[in-house]
Amino acid sequence: MRELEGIKVVAQGKYLGLPLVIGRSKNQVMSFISESFKKKIQGWKGKLLSQAGKEVLLKSVVMAMLAYAMSVFKPPKGLCKELNSIMANYWWGSKRNKRKIHWMSWNKLTETKAKGGLRFRDLKDFNMALLAKQVWKFITKPNLLVSKSMKAKYFPNTSVLQATKAAEDSWIWQSIHSSIALIEEGSRKNVGYGGTINIWEDRWVTNLLGGKIQLAKPTNCDIIRVKQLIKGQQCDPGINNELFSEEESVAIQSIPLSLYGGRDRMGWNSTGSGIYIIKTGYSLLKEMAKTHKSRKSEYGGQSTELSKG
């Protein structure tokens with residue numbers, strides 16, 4: 001259009017730290033993020049700040065600068081590692097252009113203060129927690145224009161939790177898709193009328209470890225939805241005892257049912273409101289990483305199938 005009208009572009013504008021015009025090249029976006037990040041840190045190096053001052057800058061200014069880009073794009077692991085390293089070097093300081101000794105790893109510094117860290121953010125996990133917010137939005141706010149657009153293009157006949165991705169899909173969708181597992185791990189479906197909840201596939205049993213039924217669906221069983229288990233204002237004990245283990249049956253019977261039914265809702269396990277919060281998603285990722293690490297050590301450094309998922 002600008003070529004047809006003979007309009008000369010002097011410079012591309014920016015919005016929330018990113019160029020207004022982004023091409024298909026990942027390198028363009030990543031280079032822009034990396035250079036902006038380095039310039040910001042470099043500008044601080046000339047200031048004589050206390051450790052407390054550095055902590056505030058790294059936690060607030062840097063995270064705010066990266067938040068928008070990392071809400072829609074998944075940078076390569078190498079870039080996250082590089083930016084983590086830059087933050088660590090800034091934190092520990094340098095003398096005569098030589099970095100000082102790092103008395104603690106950056107990974108340790110991302111732990112809570114109760115565990116000896118300073119609660120800095122690991123960028124890879126922070127990125128994933130931000131992307132998961134988009135997935136949560138698609139689930140809980142389906143009438144938003146962005147939710148409708150993404151559903152129409154990438155998961156028209158299923159929910160976002162069952163959505164797939166292809167090599168030719170946009171970088172934004174592939175990035176968001178990578179965070180679906182986090183939402184699955186940390187959420188559950190709260191029973192309303194039970195018509196949208198799959199008994200055998202969804203997480204819906206509140207008092208059961210993992211929230212899912214572990215027994216496989218019996219052959220020729222036509223009971224698929226939770227609403228088929230409900231009789232009056234409770235789950236039918238006869239059907240429960242026939243289909244599930246004793247532990248599962250007790251857990252199902254303890255699920256509170258609404259007097260008036262209502263629609264089934266997605267709930268986030270780590271908040272009282274049931275609403276996904278980025279901070280809790282990040283904390284869950286840290287816990288999952290520790291579990292993965294522990295499992296690898298038990299198996300002599302080999303990842304189990306569970307940890308690969």
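The values are calculated or read from the model by the stated rules, or taken from the named source; none is laboratory data. On a predicted model such as this, the values are computed, not experimentally measured, just so you know. Please note: Cβ atoms are built from the backbone with ideal geometry, for glycine as well, and neighbour counts cover all protein chains shown.
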Can you tell me which residues in the range 189-233 are exposed (fewer than 15 other Cβ atoms within 10 Å of the Cβ) and among the charged types (D, E, K, R)?
Glu201, Asp222, Lys231
Any chance the range 27-48 includes a residue that's of a type outside the set (Lys, Arg), in contact with a Gly (Cβ under 8 Å, 6 or more places away or on another chain), modelled with pLDDT under 75 and assigned to a loop (DSSP other than H, G, I, E, B)?
no
Options Ala167, Ala132; residue that is of a type in the set (Gly, Ala, Ser), in contact with a Ser or Thr (Cβ under 7 Å, 6 or more places away or on another chain) and not assigned by TED's automatic domain parsing to the domain that holds Gln253:
Ala132
Pick from Ser175, Ser245, Ser187, Ser179: which is of a type in the set (Ser, Thr, Tyr) and more than 28 Å from the chain's Cα centre (by Cα)?
Ser245
Residue check, Glu242 surrounded by fewer than 13 Cβ atoms within 10 Å (Cβ to Cβ), out of contact with any strand residue (DSSP E or B) (no Cβ under 8 Å at 6 or more places or on another chain) and of a type outside the set (A, V, I, L, M)
yes
Cβ-Cβ distance below 8 Å, separation of 6 or more or different chains: which pairs start in the range 57-75 with a residue that is more than 13 Å from Ile172 (Cβ to Cβ) and end on one that is not hydrophobic (A, V, I, L, M, F, W, C) and not in a helix (DSSP H, G or I)?
Lys59/Arg119; Lys59/Arg121; Met63/Arg121; Met65/Gly17; Leu66/Gly17
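Does Lys217 count as assigned to a strand (DSSP E or B), of a type in the set (D, E, K, R) and within 19 Å of Leu161 (Cβ to Cβ)? Explain how you work it out, then say what you get.
Working: assigned to a strand (DSSP E or B): no; of a type in the set (D, E, K, R): yes; within 19 Å of Leu161 (Cβ to Cβ): yes.
So Lys217 does not fit the description; no.
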Taking the range 242-260 as the region of interest, how many residues are assigned to a helix (DSSP H, G or I) and not polar (S, T, N, Q)?
8
Suppose we filter Ala114, Ala129, Ala166 for residues that are at pLDDT 90 or above and loosely packed, with under 14 Cβ neighbours inside 10 Å; which single one remains?
Ala166
Go through the range 224-241 and report how many residues are assigned to a loop (DSSP other than H, G, I, E, B) and either at pLDDT below 90 or touching a Leu at 6+ places or on another chain (Cβ under 7 Å) (or both).
3
Of the residues that make up the range 249-257, is at least one of a type outside the set (A, V, I, L, M, F, W, C) and modelled with pLDDT of 90 or more?
yes
